[in-house]
Amino acid sequence: MYSQAYIDYLVHFHGDRDYFECHELLEEHWKKDERGHRNIIWVGLIQIAVSLYHHRRQNFAGAKRTMQKALAILMKEEENITQLGLNYPSLLKLLRKQLALIDTYQPYKSINLPIEDPALLRACKQRSTDKQLVWLSASNLQNDAIVHRHSTRDRSDVIAERQANLLAKQNNR
């Protein structure tokens, strides 16, 4: 019923709090659909993770900007959010509260998405156990490999893809 990418997103979101990995998982899932047929709900969920990544690193401007974008998308996606096993009113309330904390420069604290579907919750807990992650653990702010992941990752594939896209655009002119 739920994609493995979505379950893994939730596992990382609530387990090791690796928001960068959350972004990677859902972006890859989102890009599997053809341009023009991609579901915007995935972008909204990606932006929640990106906002929390920025907030944890005290990049309040980036956190605010991406949380505002997430809210703008998700406020229009009640049916999709519900189909993804989340409680729509609780999610919006949580994100607005998070935005208020960011807006007043409050320190980062881990949040939990309001998973409403018991089957989804069971699947996430089982996957978390399989990955040896503790479900609903707080973010380890001392783990630089997760907190500062963007600065330590291998970007060679991203750079190669951008170069290929640039060459394709130049050849189409």
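Against the chain, whose longest principal axis is taken from its Cα atoms, helix 60-74 shows a tilt of about 90°.
Which links in Lys76/Lys125; Lys93/Lys169; Lys76/Lys109; Lys131/Lys169 stretch past 31 Å when you go from one Cα to the other?
Numbers: Lys76/Lys125 29 Å; Lys93/Lys169 42 Å; Lys76/Lys109 26 Å; Lys131/Lys169 41 Å.
Result: Lys93/Lys169; Lys131/Lys169 exceed 31 Å.
Projecting the Cα atoms of Leu166, Ser128, Ile7 onto the charge dipole of the chain (Cβ charges, centred on the Cα centre) puts Leu166 farthest toward the positive pole.
Heavy atoms only, probe 1.4 Å: what % of the accessible area of the stretch 54-137 goes to carbon and sulfur, would you let me know?
Numbers: 2470 of 4910 Å².
Carbon and sulfur: 50 percent of the exposed surface of the stretch 54-137.
Only four residue types carry charge here, +1 at the Cβ of Lys and Arg and -1 at the Cβ of Asp and Glu. Report the dipole size of the stretch 26-158 about the Cα centre in Debye, rounded to the nearest 20.
Numbers: 21 positive and 14 negative charges, 79 e Å.
Here the size comes out at about 380 debye.
Helix 4-14 and the longest principal axis of the C-alpha atoms of the chain enclose an angle of approximately 50°.
Hey, what angle do you get for helix 88-103 against the long axis of the chain, alpha-carbon based, 0 to 90 degrees rounded to 10? Taking the Cα atoms of the chain, the angle to 88-103 is about 80 degrees. When you restrict to C-alpha pairs under 8 Å that are six or more residues apart and normalise by the size of the chain, the relative contact order lands at 27 percent.
Rounded to whole numbers, the Karplus 3J(HN,Hα) couplings from phi for the stretch 134-139 are 8, 5, 6, 6, 6, 4 Hz, using 6.51 cos²θ - 1.76 cosθ + 1.60 with θ = phi - 60°, and x at Gly and Pro. Counting only protein chain heavy atoms and rolling a 1.4 Å probe, the accessible areas of Asp8, Asp117 rank, largest first, as Asp117, Asp8. Which whole number of Å³ per residue matches the convex hull of the alpha-carbon atoms in the chain? Output value, Cα hull per residue: 134 Å³.
The values are calculated or read from the model by the stated rules, or taken from the named source; none is laboratory data. These numbers were taken from a predicted model, which means no experiment stands behind them. Virtual Cβ from ideal backbone geometry, glycine too; neighbours counted across all protein chains shown. Accessible surface areas use protein heavy atoms only, side chains included; no ligands, DNA or RNA. Shrake-Rupley method; radii C 1.70, N 1.55, O 1.52, S 1.80 Å.
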